[in-house]
1. Determine, at each q value in 0.10, 0.11, 0.12, 0.13 (inverse angstroms), the log₁₀ of I(q)/I(0) that the Debye formula gives when each Cα of the chain is one equal point scatterer.
2. What ³J(HN,Hα) values, in whole Hz, does the Karplus curve 6.51 cos²θ - 1.76 cosθ + 1.60 give for the stretch 231-245 when θ = phi - 60°, with x put for Gly and Pro?
3. Could you run the Karplus curve 6.51 cos²θ - 1.76 cosθ + 1.60 with θ = phi - 60° over the stretch 14-28 and give me ³J(HN,Hα) per residue in whole Hz, x for Gly and Pro?
4. Return the long-range amide H neighbours of Val73 (sequence gap of 5 or more, or a different chain), with a cut-off of under 5 Å between placed amide H atoms.
5. May I ask you to list the lysines whose Cα is less than 29 Å away from that of Lys398, ignoring any residue fewer than eight positions away on the same chain?
6. Can you tell me which of 435-441, 385-391, 32-38, 312-318 comes out highest on packing, and rank the rest after it, using the mean Cβ neighbours within 10 Å?
7. Using only the Cα atoms of the stretch 7-54, each taken as one equal point scatterer with no solvent, compute I(q) by the Debye sum, divide by I(0), and report log10 of the ratio at q = 0.24, 0.25, 0.33 Å⁻¹.
8. Mind putting together the pair-distance distribution for the stretch 343-437? All Cα pairs, 10 Å bins, whole percent per bin, short to long.
Amino acid sequence: MSNIVVLGTQWGDEGKGKIVDVLTPAFDIVARYQGGHNAGHTVYIGGKKIVLHAIPSGILHPGTLCVIGNGVVLDPRAFLDELLALRQVTAVDETRIAISGHAHLILPYHRVAERLSEEALGERRIGTTCRGIGPAYVDKAARRGIRVCDLLDPAELKEKIEANTAEKNVLFRALGADPLDAAAIVEEYRAYAASIKGYIRDVSALLESQMRQGKSVLFEGAQGTLLDMDHGTYPFVTSSNSTAGGACTGLGVGPTRIDAVLGVTKTYTTRVGAGPFPTELHDETGLLLGRQGDEFGATTGRPRRCGWFDAVAVAYANRVNGVDKLILTKPDVLDVLDEIPVCTDYFYKGSRLDVFPAEPPILEKVEPRFQTMRGWHTPLRLARVWTDLPSAFLDYLKLIEDLTGAEVAAVSTGVERSDTLFRDDRLAGLVDLDKVRAAMAAE
Ligand code: IMP
């Protein structure tokens, strides 16, 4: 069976959590390759809302191996709290969790450094999730990061925490913030070692041996393409590679092992945090989309900025990820609209741009052009098979496909697993839909 990457084609919050959850029965392994607990994957099971941050959504399926790669930054406290919360709503088989020893740890000083950095930026702040993600990746690149494997060596851990805390405290004091107590951090992280060490594995070797045995992997992206550190709207991005290439570097898996990339795309666009957003709506319709779509950050609770579907941005995402098929989410949010504009082109200084300009100074000034489609005025959630979908909606899909260059292979029309319709022909050979449907039927 195939190994596929599932990632977001916009600014995150495309509904990847639900899609990964639905597709998981067709895979043996779900592997996270970047980001940390800045991600928030919301899934609803039997009407129960479950938000996952660090743990792959595959954990909700018995038998699935959940892998956290070296490209992830791990806050051990958040991870253990999440496990605890999860155990209260569902059974968790902890032998099914593997964490790379090479994943970097988030430490308390990362959160303080991030708060100070955002405060210092003032109006120019990124609007981060303040989970310490960026500063943890800074330390990784600066070669002073502390990794999960360091938890196994108490003396090494102590030395590294003390050195890092001393260095950070110089900065904190200079900025008028309270210094942190290294001894307390050492004690805290030594305690985490006992709880985490059972999960530590050589993830690259584990995945290779599993794939050799014919097991299939779903590589789960966090955030979205436009938040990618290299290909997103830098500097208004997260600090990792959320694009498809991140799956290789973030897990120690070669590109030849990946068979396809599925791009999850929302039928409109949202963004949390600061940065350019050409199709953003600043009017009542934007608020309506936010209300109908329950657009509040799963991690921070912040209201998401809302706007129309941006085909220029998604076409760009399809290119940088090599997206094979799109999975469209939340079209039901638009059920009530008479007319639905789709951004087809950008103009800048009077000329049409051929490519998406990821540079904020340009992106802030582009003039989006729209094509308006008629609304479908039908509750899409009532559709149970593809052929139930109304023609006005299929016209809308066709336009998106034509503009972005990728076919839509599935549509999610509601929060429940069963609110998912597939084009079987377009997923043939990539996802075993019989397994997906059997799992839905067994609920
Ligand atoms: P950071 O990842 O916390 O450093 O935040 C950097 C930017 O990415 C901010 O605009 C955040 O709002 C955004 N961001 C981070 N994680 C997510 C996510 O899971 N969904 C949507 N936006 C995110």
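1. Debye curve over Cα of the chain, log10 I(q)/I(0) at q = 0.10, 0.11, 0.12, 0.13 Å⁻¹: -0.69, -0.84, -1.00, -1.16.
2. After applying 6.51 cos²θ - 1.76 cosθ + 1.60, I find 9, x, 8, 4, x, 7, 9, 8, 9, 9, 9, 7, 6, 4, x Hz.
3. 7, x, 4, x, 5, 5, 4, 4, 5, 7, 3, x, 8, 10, 8
4. Distant-sequence amide H within range of Val73: Gly35, Gly36.
5. Counting by Cα, and skipping residues close in sequence, Lys398 has these lysines nearby: Lys16, Lys18, Lys266, Lys325, Lys330, Lys365, Lys435.
6. My ranking of the peptides, most packed first, is 32-38, 312-318, 435-441, 385-391.
7. With one equal scatterer per Cα and no solvent, log10 I(q)/I(0) is -1.04, -1.11, -1.36.
8. 13, 33, 27, 21, 5, 0
The values are calculated or read from the model by the stated rules, or taken from the named source; none is laboratory data. This structure is a prediction, so every number in the text was calculated from the model and none was measured. A quick note on method: Cβ atoms are made from the backbone with ideal geometry, for glycine too, and the neighbour counts reach across all protein chains shown. The area values use the complete protein model at the heavy-atom level, side chains included, leaving out ligands, DNA and RNA. Shrake-Rupley method; radii C 1.70, N 1.55, O 1.52, S 1.80 Å.
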